[in-house]
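Asks: Here it is: the structure, laid out below.
The values are calculated or read from the model by the stated rules, or taken from the named source; none is laboratory data. These figures come from a predicted structure and were not determined experimentally. Here the Cβ positions follow ideal geometry from the backbone for every residue, glycine too, while neighbour counts run over all protein chains shown. Note: accessible area is taken over every heavy atom of the protein model, side chains too, but ligands, DNA and RNA are not part of it. Shrake-Rupley method; radii C 1.70, N 1.55, O 1.52, S 1.80 Å.
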Amino acid sequence: MTTPATSRLPLILTDIEGTTSSISFVKDVLFPYARRELPRFVREHGREPEVRRWLDMVALESGGLCQDAMIVETLQGWIDEDRKHTALKALQGMVWAAGYESADFTAPVYPDAVAALRRWHADGHALAVYSSGSVPAQKLLFAHTDAGDLSGLFCGWFDTGVGGKRETGSYARIARELGVPPADILFLSDVVAELDAARDAGMRTTLIDRLADYPRPRSQDDSGGHPRATGFDGVVPDA
């Protein structure tokens, strides 16, 4: 559920991986944690209705698996494949929630992103997130960052429930849900194809080209003609 933006300043819509946070955090911390903790989580919580719902979905779609251990093995295989499946996302989110709450890890957000998000929010810009990770996972990440709880800075949260991130229609739907003309939205991402789709929907765009994630800087030809910044401190939201 989103809250329509009321600010007349441009709304800033941001991706997460490679944009506010390193690509390696999800790949090297969150995914291995979920893979390792899934067996224990299912043993302890597998009878709870919300957990059982997703486990049964996996069992049915995998030919009628009859043992939770087999379902867990299937889910772990999906993690290894980086498969985008609703049940896997839901269960991963539950495992990550337990990890955040027990302080097994916190989410790193680039310092320049933290400073800019806080500054833009204070200046009156509405902020929203669009990531391939589920909305609950997004909220968990921003509520448990190295810089503290940043979740209150955002008025909208979007995942692939609105459509794929490389599809123009997804960005048009986000603008409608936020009640903001696409031309009044600035989308930040590290993926040129996503920026192309947002631009085709009428949004303004900026490519975030961080050396930590992309050691070879992308040239004008590689950037698809989008404005380029190496961090949030190089983004000009009111241009």
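Asks: Stokes-Einstein at 37 °C, 0.692 mPa s, Kirkwood radius from Cα pairs: D for segment 26-101 in µm² s⁻¹? Walk me through the numbers on the way to the answer.
Replies: Numbers: Rh = 12.2 Å.
The Stokes-Einstein estimate is 269 µm²/s.
Asks: Now for a different question. Give me the angle, in degrees from 0 to 90, between the Cα long axis of helix 86-101 and the longest principal axis of the Cα atoms of the chain, rounded to the nearest 10.
Replies: Long axis of 86-101 versus the principal axis of the chain: about 90 degrees.
Asks: For segment 26-101, give the percent of accessible area contributed by carbon and sulfur heavy atoms, probe 1.4 Å, rounded to a whole number. If you can, show how the numbers build up before the last one.
Replies: Values: 2130 of 4170 Å².
Using a 1.4 Å probe with all protein chains present, segment 26-101 comes out at 51 percent carbon and sulfur.
Asks: In segment 114-172, which trypsin sites (Lys or Arg not before Pro) fall in coil by DSSP and have 16 or fewer other Cβ atoms within 10 Å?
Replies: On the way: sites: Arg118, Arg119, Lys139, Lys165, Arg166; in loops: Lys165, Arg166.
Hits after loop and neighbour filter: Arg166.
Asks: Compute the angle between helix 31-45 and the longest alpha-carbon principal axis of the chain, please, reported from 0 to 90 degrees and rounded to the nearest 10.
Replies: That works out to roughly 40 degrees.
Asks: Keeping all protein chains in place, calculate the accessible area per residue for the chain (probe 1.4 angstrom), answer in Å². Present the calculation step by step, with values, prior to reporting the outcome.
Replies: Details: 11080 Å² over 239 residues.
Per residue, the chain has an accessible area of 46 Å².
Asks: Here's another thing I want to ask about it. Considering only protein heavy atoms and a 1.4 Å probe, what is the carbon-and-sulfur percentage of the accessible area of segment 151-214?
Replies: Exposed carbon and sulfur together represent 50 percent of the surface.
Asks: If I compute semi-axes √(5λ) of the Cα gyration tensor in Å from the structure I just sent, which labelled value in (i) 26, 21, 19; (ii) 33, 18, 18; (iii) 28, 23, 15 lines up?
Replies: It is the value labelled (ii).
Asks: List the aspartates and glutamates whose Cα sits under 12 Å from the Cα of Lys139, skipping any in the same chain fewer than 8 residues away.
Replies: Cα-Cα hits under 12 Å: Asp149, Asp159.
Asks: Hey, another quick one. Given a cut-off of under 8 Å on Cα pairs at least six residues apart, what relative contact order in percent is computed for the chain?
Replies: 27 percent
Asks: For the chain, modelled as a Gaussian network with Cα springs under 10 Å, which listed residue fluctuates most, Ser170, Ser132, Ser102?
Replies: Judging by the Gaussian network model, the answer is Ser102.
Asks: Compute the acute angle (0 to 90°) between the alpha-carbon long axis of helix 68-81 and the principal axis of greatest extent of the alpha-carbon atoms of the chain; round to the nearest 10°.
Replies: Taking Cα atoms only, the helix is inclined about 30 degrees.
Asks: With a 10 Å cut-off between alpha carbons and a GNM built on the chain, which of His121, His45, His144 moves the most?
Replies: Between His121, His45, His144, it is His45 that shows the largest mean-square fluctuation.
Asks: What does the C-alpha gyration tensor say about the overall shape of segment 62-187? Classify as rounded when a/c is under 1.5, otherwise prolate if a/b is larger than b/c, or oblate. Kindly include the intermediate steps, with their values, before the conclusion.
Replies: On the way: a/c = 3.06, a/b = 1.48, b/c = 2.07.
In terms of gyration-tensor shape, oblate.
Asks: Here's a follow-up. Could you give the size of the charge dipole of the chain about its Cα centre, using +1 on the Cβ of each K and R and -1 on the Cβ of each D and E, expressed in debye and rounded to the nearest 20?
Replies: 300 debye
Asks: Between segment 14-55 and segment 58-129, what is the separation of their alpha carbon centroids in Å?
Replies: Taking the Cα centre of each part, segment 14-55 and segment 58-129 sit 5 Å apart.
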